[in-house]
Amino acid sequence: MTIDSGWTKIIKTNVPVAFSSTLEAGKWQNKPGTVFIDGQIKMMKAEAIKTWALFVKVQFINTIHAAFQTGATVVVLGFDNYAHVPTCKAMTQRKRSRAVPNMEFLAGQELPPVPPDDWNSAMRNRSFKAKVMQLISRNVHHSFQDLKDKTVIIDFQDEPEVVGMPITLPPVMQMPQIETARRGECDIKAFSWSKEGETLLIESTDGDFIPIALVHVEDAERQGKPVSVILHRMKTNVTPAKRKREGGFKREYEYIGMQPILEWVRRQFPKATSPARAFASLVATTGCDFCMNLPQIGPSTLWKNVALVKHIDTTTAVGMMTALLTLYIKQFRTSAPSTQEVKASAANVLPTSKTPLSQTAYAQLFEHVQESHRVGQRIKDNMFHAKRMLAHVKNTMWTLQYWTDLHEFQDPLEGDFGFVRHKQIVIFDGTNE
């Protein structure tokens with residue numbers, strides 16, 4: 001799971017200048033100095049790849065060569081370090097495994113002679129994926145070990161492996177910082193390679209990179225150390241995609257420059273202390289790896305009504321609860337007219353800045369919706385009850401903290417973030433999952 005693709009469509013509709021079919025065509029960037037390749041995504045191979053040699057060549061060796069063609073002198077191949085992946089990521093993994101069960105594979109086993117036919121099932125097994133990452137790392141090292149004027153870095157475990165021309169690693173990968181940095185997911189690893197005054201190009205289809213990059217670029221500007229970030233990902237179609245004759249979709253890619261998007265975000269949230277974080281909070285709360293999808297409110301509905309909440313500080317729990325309460329009052333104004341009565345309670349929320357008051361107001365709204373004869377039963381069943389909504393808001397706050405602090409994130413179980421341990425697994429508070 002990643003952020004809802006509706007957000008990328010909203011961005012592209014409003015900031016078309018930020019999207020370009022080629023790297024050279026973009027007027028908003030410089031030549032990249034470093035390219036970060038999300039190796040987790042690249043492990044999802046086509047069915048036609050039937051040997052390990054072809055898998056490594058097509059998915060990784062060729063991708064690294066293409067990265068150097070951009071003019072970059074450093075290419076980083078990143079993989080998740082499972083020792084530092086947040087514990088609350090487990091919920092998303094379990095959901096995926098319900099549809100695609102894990103292949104049986106133990107840590108001590110060797111890889112089979114050829115890639116398994118049921119590749120999706122194999123990719124659900126972390127022990128198997130770790131073995132595949134080791135295979136890829138060995139082959140990449142062998143293929144690029146003779147580089148003289150360029151560098152390939154394998155960012156897998158805590159200490160990255162430098163291949164080719166030696167370089168000085170970023171401080172976070174040196175002692176003593178490396179011992180405490182929680183560099184787990186590629187989503188946050190990539191930004192360790194961002195340098196002042198340089199363009200970082202990220203190769204990944206993972207949508208989480210968009211809000212994280214916006215926050216990162218904004219923070220860098222505040223510190224007086226500006227950076228540029230470009231994403232290279234699958235093309236976002238704001239109109240229905242054309243089907244190929246055989247019935248599939250043509251896979252196309254595009255470059256996305258973060259700077260023009262950040263400038264647009266600033267115009268949308270002119271009073272926000274951090275417009276990027278304000279925008280990211282709305283992205284997170286509609287669903288991502290660490291937050292459930294909001295019932296009845298997706299990106300398009302939220303953005304259509306953003307004027308109602310754009311001046312509320314959604315980077316705080318009370319602000320986000322108030323914003324969601326406001327949106328739901330609007331959402332049910334005709335099907336549950338009595339929800340308008342909740343406005344009197346909601347009006348008291350912001351001046352007091354107490355989350356319990358907004359939670360009480362939401363509980364009232366929830367009851368009005370449940371009692372309404374105009375609301376379908378499926379909608380009633382899917383609505384978050386007050387405890388779940390408060391936990392969802394806390395999930396959003398943790399996600400925003402994770403996207404902001406990167407490798408310095410607080411463990412989701414060490415604070416009140418709406419995640420709980422139940423029967424040896426981590427679940428969303430107020431749910432059974």
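Summary of values
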item	result
Cβ charges +1 (Lys, Arg) and -1 (Asp, Glu), total dipole of the stretch 180-298, debye	380 debye
Virtual spin-label span in nm between Arg421 and Thr22, 7 Å along Cα→Cβ	5.5 nm
Cα-projected label distance for Asp158 with Arg267, points at 7 Å along beta-carbon direction, nm	4.7 nm
Antiparallel bridge percentage (DSSP; both residues within the chain; nearest 5)	45 percent
Degrees between helix 126-144 axis and first principal axis of the chain (Cα, 0 to 90, nearest 10)	40 degrees
Dipole magnitude (debye, nearest 20) for the chain, charges at Cβ of Lys, Arg, Asp, Glu	1500 debye
Mean ellipticity per residue at 222 nm, deg cm²/dmol - from DSSP H runs of n ≥ 4 across the chain, formula -39500 (n - 2.57)	-11500 deg cm²/dmol
Among 103-110, 324-331, the order from most to least packed when residues are scored by Cβ within 10 Å on average	324-331, 103-110
Helix axis angle, 258-268 relative to the chain longest principal axis, alpha carbon, degrees	10 degrees
Förster-model FRET efficiency, 60 Å R0, Thr87 and Lys31, C-beta, rounded to 0.05	0.95
Positive-end residue of Val75, Ala53, Gly6, charge dipole of the chain with Cβ unit charges	Gly6
Computed magnitude of the charge dipole of the stretch 130-190 (debye, nearest 20; Cβ of K, R +1, Cβ of D, E -1)	120 debye
Cβ crowding within 10 Å averaged over residues, with 116-124, 35-43, 170-178, 309-317 ranked highest first	35-43, 309-317, 116-124, 170-178
Of Lys9/Lys310; Lys129/Lys235; Lys9/Lys387; Lys189/Lys225; Lys50/Lys131; Lys12/Lys42, those spanning more than 21 Å from alpha-carbon to alpha-carbon	Lys129/Lys235; Lys9/Lys387; Lys12/Lys42
Förster radius 30 Å - calculated FRET efficiency between Gln174 and Ala107, Cβ distance, rounded to 0.05	0.55
Of Met133, Met91, Leu201, farthest towards positive along the dipole that unit charges on Lys, Arg, Asp, Glu beta carbons give the stretch 77-202	Met91
Positive dipole terminus of the stretch 169-243, leading residue within Met234, Val217, Met173 (C-beta point charges)	Met234
Rel. contact order, % - alpha carbon contacts under 8 angstrom, at least six apart, the stretch 156-296	18 percent
Compactness index (Cα Rg / 2.2 N^0.38 Å), the chain	1.03
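No value in this document is a laboratory result; all are computed from the given coordinates. Treat the numbers as computed from the prediction; the structure is a model and nothing was measured. Neighbour counts run over all protein chains shown; Cβ positions are idealised from the backbone, glycine included.
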